[in-house]
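The values are calculated or read from the model by the stated rules, or taken from the named source; none is laboratory data. Just so it is clear, the structure is predicted and the values come from calculations on it, not from any experiment. For neighbour counting, all protein chains shown are included, and Cβ atoms are generated from backbone atoms with ideal geometry for every residue, glycine included. SASA here: full protein model, heavy atoms, side chains in, ligands and nucleic acids out. Shrake-Rupley method; radii C 1.70, N 1.55, O 1.52, S 1.80 Å.
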Amino acid sequence: MPASITALVAARAAGRISARELVERALARAERWQSLNALITTTADAARARADAIDASDGPHGALTGIPCAHKDLFVTRGVATTCGSRMLAHYVPPFDATVVADLDAAGTVSIGKTNMDEFAMGSSNETSHFGPVRNPWDLTRVPGGSSGGSAALVAAGIVPFATASDTGGSIRQPAAFCGVTGIKPTYGRVSRWGMVAYASSFDQAGVIARSAADCAAVLGVIAHHDPRDATSVERAGEDYMAALAAGVAGRRIGVVREYFGAGVAPAVAAATLAALAVLERAGATLIDLSLPALAHAIPAYYVLAPAEASSNLARYDGVRYGHRAAAAQTCEDLYQQSRTEGFGAEVQRRILIGTYVLSTGYYDAYYRRAQRVRRLIAEDFARAFADCDLLAGPTTPTPAFRLGEKTADPTAMYAADINTVAVNLAGLPALSTPAGLVDGLPVGLQLIAPAFAEGTLLAAAHALQQASDWHRVMPPGAEA
Amino acid sequence: MNHSGWQAVIGLECHVQLATVSKMFSPAATAYGAEPNSQVDWVDAALPGTLPRPNAEAIRMAVRFGLAIGAEICRHSVFARKNYFYPDLPKGYQISQYEEPIVAHGTLTVTRDDGRTVDVPIVRAHLEEDAGKSVHDAFHAVTAIDLNRAGTPLLEVVTAPALHTAADAAACMRALHELVVWLGICDGNLQEGSFRCDANVSVRRGPDAPLGTRTEIKNVNSFRFVEKAIAYEIERQIRELEAGRAIVQETRLYDETRNQTRSMRSKESAHDYRYFPDPDLPPLVVSEALIESERAALPELPAARRARYVEALGLSAHDAGALTSSRALADYYEAVLAELPDAAKPAANWVLGELAAALNDAGTDISTARVSPSALAGLIRRTRDGTLSVKLAKDVFAAMWAECRDADSVIAERGLGQISDDAPLLAAIDAVLAAHPKQVAQFRAGDEKVYTWLVGQVMKATRGKANPGRLNTLLRQRLAG
């Protein structure tokens, strides 16, 4: 198990290892694990230059000085291509940095590049990327999960200690579960969305994938703050998540959500989840059996609302100002139609069509408005649950990672696999996935959900689990610590 | 008003460009006439990852307008996306307000041509952003897009369909224009597009008949042309209906040279805008404190001021109208009155006379007047205390304007004080009479006309400074006796 981020920061500061050595190690491993296809753009020269500057005490110094990382390719990076895994933005170079990127730069991190992802974050397997699928380091014939598949694969293979990611319906937690790493999606509004290319604005949240809860806490502390450039960013001071870890899980009431153990959940996954919960019980938590009936409607509500917002957010990709522009277009209408048909993959087009449909006159009330009501009911269910519990729990995914191509024939089967994660985004709550062992040699994850802004509670519980178990230390065959 | 049994029904939709420093959702400048695409923030260009931030000044201006028309200020209003594709609309949607606008149910008092007033209901006013401009003639075979205007704040004001003549509609447009300029929320420049009105026109067989199909007349940028366009359209619709044809619901443009409206065939009639609340912007909450501070700062509105000038100060309706042609001019006038409360009419004469002429010659407006209200009051005081004749006062005014001085210093320097004392006047009179015995004899023989000549001679002898009234009295005395 590689050293924690905190330990690496200290080692570099004490001169036991240089930033340059850390980044060379990351680049070498990225090279070795090229078959994962986890990176769309590698910025080796810039990374080396930055590491050198840090070592010469010229570069920025902060809480994470010298730590290599990578950014999901939907965070805009100034001067570096930001593709969102799409042909539409394959050559797009932004003129500014996302707040998350700027924060981590200022904290002294060294980015080695932009991670592969499902196109415009729409997908649960990282198979919709224009740049080819990402492979799971545990089994190269399997998916790493999506949409933050590249970020999860990089961390799981030990290439970088952490990567930024985003979660709209489970895109941090599900790949973290499939790849055996820890991923946290903060409360909606906790982390700035400025510079994060939008998929579904009221669901999207930036987060972290790392090898432990402690590492997630270290990174989250840098990016969780109010940003006036994002009107949905909450005016709430950041917190010291590292300090919160010590509270552990003693005295916490954990609601075990019956609906998360539904028919589609493999028995071995259910068993692994319960085993992980037993560890938490031994560490001082109380388990409570609990039902959230509104969760049954989470998938339909999500797949109405998120595409609706996406259909509007992606309307700007028209080939006029930036991005892919159809070469053959003679009229304005052709320019729009051809650029978008050529630039977007099938899943993106599908969701734009769904979204346009549910917002249309005559359908708005039956679909969009009704789904908003369901959204509120789900949020109310969670609120009621949190009156009696400090945390909620269940398996992050119904099965371990499936094979590449296994679910691509039926989009709705793919959607159905999000059953355990989407409700959290509908309610805007913080949640994480922490490794819960292997099933048939493949990782599975325990999902923990907390009330709004209780990331500290969440991380402390995961940390307690990780201190009393070894699941998060296990790495895929061939990966170096 | 009935047109051979028909009643015209007209409603106005006016887009008022708010005179803020920066745009509705970005910090870019809003000044008119800049080089194309030189006032475009990343947000205005809809670059991936950008987010809107509401302009507080625009919100204040909307509240100010709502209070001025006695409307309800909605404490909680919602920004909505109006989705459609057009190259001058970078996001592919316009941020506007739909179901919940910031201002609702107000009244605009409109003075008609015949002097009577009509209260026009204002159904709503809402905030939105302007689109960019399509320029078709700058380059060969392509349309160029200038995004300088994209994102400029607009207040869309919608009247009820409560106007029934083209003249009333034009008067309503004028009243609205005057109000928004008066409130300081719009510069009112029609040529630059700061104030744009569209008219919805239909006809029906009498006030109790159901409403007919309406057409929308767009892009008329003068009050006069709006009146002519509406008048033409009313006639056209009546002609069509009387010939048994139906009115097509469409958008029409006004052709000034032919004085006709014609169909805008290029735009389809039915757009489904798929309005939904913008998830990037929380609901707009207007505080009581903001409302009260705007209420306290509301100026006396033009109609009320005009009424006060006529009723309390005894000015003519014409002068009252001229003095309230701008708030700055009316404020100037009242500053003069503050020093000379009983000089309402003379002050009006001076402001509308010499001052206006001087401003006109200099090509500037009241804000750069070289004679302050206090200085003008001083000059008027000297015409009332006998120091200056009105004619001389005009010369003094010219010197005050040219040299930025007060009346007394000009009078003293040029020895312009009017001669009102009997002794010097009698001396001058006696000298003139002695020098012109023939004319004296003519007068005594009954020739009244030579009297004027004698007055002129005394005036010449005193270099114009003789107090005309006193001169008259004394001259008559001398000629009689």
task: Could you work out how far apart the two model spin labels at B:Ser263 and A:Cys332 are, taking each label as a point 7 Å from the Cα in the direction of the beta carbon, and quote it in nm?
output: 2.0 nm
field: Computed [θ] at 222 nm, deg cm²/dmol, chain A (DSSP H ≥ 4; -39,500 (n - 2.57); rounded to nearest 500)
entry: -11000 deg cm²/dmol
task: Would you list, by chain and number, the lysines whose Cα falls below 19 Å from the Cα of B:Lys228, excluding same-chain residues fewer than 8 positions away?
output: B:Lys218
statement: Computed over all unlike Cα pairs, the Kirkwood hydrodynamic radius of the range B:146-286 in Å stands at 17.3 Å
- prompt: Under 18 Å from a point 7 Å along the Cα-to-Cβ line of A:Gln34: which residues of the range A:108-125 have their amide N that close?
  reply: A:112-116
field: Zone residues, the range B:460-481, relative to B:Ala434, backbone N less than 17 Å from point 7 Å out along Cα-to-Cβ
entry: B:461-462, B:475, B:478-479
- prompt: Which distance in Å, rounded to a whole number, links the C-alpha centroids of the range A:390-425 and the range A:207-248?
  reply: 25 Å
- request: Could you calculate the FRET efficiency of A:Ala383 with B:Asp113 from 1/(1 + (r/R0)^6), where r is the beta carbon distance between them and R0 is 45 Å, rounded to 0.05?
  value: 0.15
query: Rg and Dmax of the range B:383-481, Cα atoms, in Å?
result: 15.3, 51
message: Quick query: amide H of B:Val103 versus all other amide H atoms, modeled in the peptide plane; which residues come in under 5 Å with a sequence gap of 5 or more or a different chain?
response: B:Cys74, B:Ala125
- prompt: Where does each of B:Lys23, B:Lys82 land when they are ordered by accessible area, with a 1.4 Å probe and the largest first?
  reply: B:Lys82, B:Lys23
query: Between A:Leu64, A:Gly207, A:Gly255, whose Cα lies farthest towards the positive end of the dipole of chain A when Lys and Arg beta carbons carry +1 and Asp and Glu beta carbons carry -1, centred on the Cα centre?
result: A:Gly255
- request: Would you work out which of A:Leu442, A:Ala468, A:Tyr317 lies farthest towards the positive end of the dipole of the protein assembly as shown? Charges go on Cβ: Lys and Arg +1, Asp and Glu -1.
  value: A:Tyr317
query: Can you give the charge dipole size of chain B about its Cα centre, rounded to the nearest 20 debye, using +1 on the beta carbon of Lys and Arg and -1 on the beta carbon of Asp and Glu?
result: 1560 debye
- prompt: Which value results when the Cα radius of gyration for the range B:330-381 is divided by 2.2 N^0.38 Å?
  reply: 1.03
field: Added length on full extension, which subtracts the Cα-Cα distance from 0.36 nm per residue, B:Gln191 to B:Ala246
entry: 16.3 nm
Taking all pairs of distinct alpha-carbon atoms in chain B, Kirkwood radius in angstrom: 26.9 Å
- prompt: Taking 0.36 nm per residue of separation and subtracting the Cα-Cα distance, what length does fully extending B:Ser287 through B:Thr143 add?
  reply: 47.4 nm
- line: In order over the range A:413-422: 3J(HN,Hα) from phi, Karplus 6.51/-1.76/1.60, θ = phi - 60°, whole Hz, x for each Gly or Pro, gives 5, 5, 4, 4, 5, 7, 3, 8, 10, 5
For chain A, size of Cβ-based charge dipole, Lys and Arg +1, Asp and Glu -1, in debye: 160 debye
Rounded FRET efficiency, nearest 0.05, which uses the C-beta distance separating A:His91 from A:Asp470 and R0 of 51 Å: 0.70
query: Any idea how far apart B:Phe85 and A:Thr341 come out in nm if each label point goes 7 Å out from Cα toward Cβ?
result: 1.0 nm
- line: Of A:Thr41, B:Thr473, ordered by accessible area with the largest first and a 1.4 Å probe, the sequence is B:Thr473, A:Thr41
message: Please list 3J(HN,Hα) in residue order for the range B:450-466, calculated via the Karplus relation 6.51 cos²θ - 1.76 cosθ + 1.60 where θ = phi - 60°; whole Hz, with x for glycine and proline.
response: 5, 4, 4, 4, 5, 4, x, 5, 5, 4, 4, 4, 9, 6, x, 8, 5
Within chain B, helix-based [θ] at 222 nm, where runs of 4 or more DSSP H residues each add -39,500 (n - 2.57), nearest 500: -12000 deg cm²/dmol
field: Between the range B:49-111 and the range B:133-192, the Cα center-to-center distance that results, in Å
entry: 15 Å
Selection of chymotrypsin sites (Phe, Trp or Tyr not before Pro), the range A:372-403, meeting DSSP coil and at most 10 other Cβ within 10 Å: none
query: What residues have an amide H closer than 5 Å to that of B:Cys197, excluding those fewer than 5 places away on the same chain, when H is modeled at 1.01 Å from N in the peptide plane?
result: B:His15, B:Val220
message: Using the alpha carbons of the range B:5-108, what is the convex hull volume per residue in cubic angstrom, as a whole number?
response: 171 Å³
field: Approximate spin-label separation A:Asp440-B:Glu13, in nm, with each point projected 7 Å along Cα-to-Cβ
entry: 5.8 nm
Within straight-line cross-link reach of B:Lys345, lysines at Cα separation under 20 Å, skipping those fewer than 8 residues along the same chain: B:Lys391, B:Lys394
message: Please list, ordered by chain and number, the residues whose modelled amide H lies under 5 Å from the amide H of A:Leu39; skip anything fewer than 5 residues away on the same chain.
response: A:Asn116
task: Rounded to whole Å and sorted largest first, list the principal axis extents of the Cα atoms in the protein assembly as shown.
output: 138, 79, 59
- prompt: If you take the charge dipole of the range A:1-97 about its Cα centre, with +1 on Lys and Arg Cβ and -1 on Asp and Glu Cβ, which of A:Ala38, A:Thr77, A:Leu8 is farthest toward its positive end?
  reply: A:Ala38
- prompt: Rg and Dmax of chain A, Cα atoms, in Å?
  reply: 20.9, 69
Under 21 Å from the Cα of A:Lys185 - lysines, other chains or at least 8 residues apart: A:Lys72, A:Lys114
- prompt: How much length is gained if the chain between A:Ala296 and A:Ala366 is pulled fully straight, taking 0.36 nm per residue apart and subtracting their Cα-Cα distance, in nm to one decimal?
  reply: 23.4 nm
- request: With a probe of 1.4 Å, find how much accessible area the range B:64-192 has per residue, and write the answer as a whole number in Å².
  value: 38 Å²
query: Sorting B:Glu339, B:Glu294, B:Glu178 by accessible area (1.4 Å probe), largest first, what list results?
result: B:Glu339, B:Glu178, B:Glu294
Taking the C-alpha atoms of the range A:332-464, convex hull volume expressed per residue in Å³: 162 Å³
query: Size of the dipole of the protein assembly as shown about the Cα centre, Lys and Arg at +1 and Asp and Glu at -1 on the beta carbon, nothing else charged, in debye to 20?
result: 1000 debye
message: Interface size between chain B and chain A, please: total buried accessible area, 1.4 Å probe, rounded to the nearest 100 Å².
response: 2800 Å²
field: Nearest-10 value in Å² for the accessible area of B:Arg204, using the 1.4 Å probe
entry: 40 Å²
message: Take chain A, mark every one of the GluC sites (Glu not before Pro) that falls in a DSSP loop and has at most 14 other Cβ within 10 Å, then report the longest stretch left between them, sites excluded.
response: A:236-479
Accessible surface, per residue, of the range A:316-406 when the full set of protein chains is kept, probe 1.4 Å, Å²: 48 Å²
message: How much of the DSSP bridge set in chain B is antiparallel, in percent, rounded to the nearest 5?
response: 95 percent
statement: Nearest-0.05 FRET efficiency for B:Glu413 and B:Arg308 at R0 = 35 Å, using Cβ-Cβ distance, is 0.35
field: Percent breakdown of C-alpha pair distances by 10 Å bin, ordered from the shortest bin, for the range A:55-97
entry: 25, 38, 27, 10
message: I'm checking a number: the convex hull volume of the Cα atoms of the range A:235-344, normalised per residue, in Å³. What is it?
response: 230 Å³
- prompt: What figure in square angstrom, to the nearest 10, would you give for the accessible area of B:Val440 with a 1.4 Å probe?
  reply: 20 Å²
- request: Round to the nearest 10 and report in Å² the accessible area of B:Trp453, as given by a 1.4 Å probe over the protein chains' heavy atoms.
  value: 100 Å²
query: Counting only protein heavy atoms and using a 1.4 Å probe, what share of the accessible area of chain A belongs to carbon plus sulfur, as a whole percent?
result: 54 percent
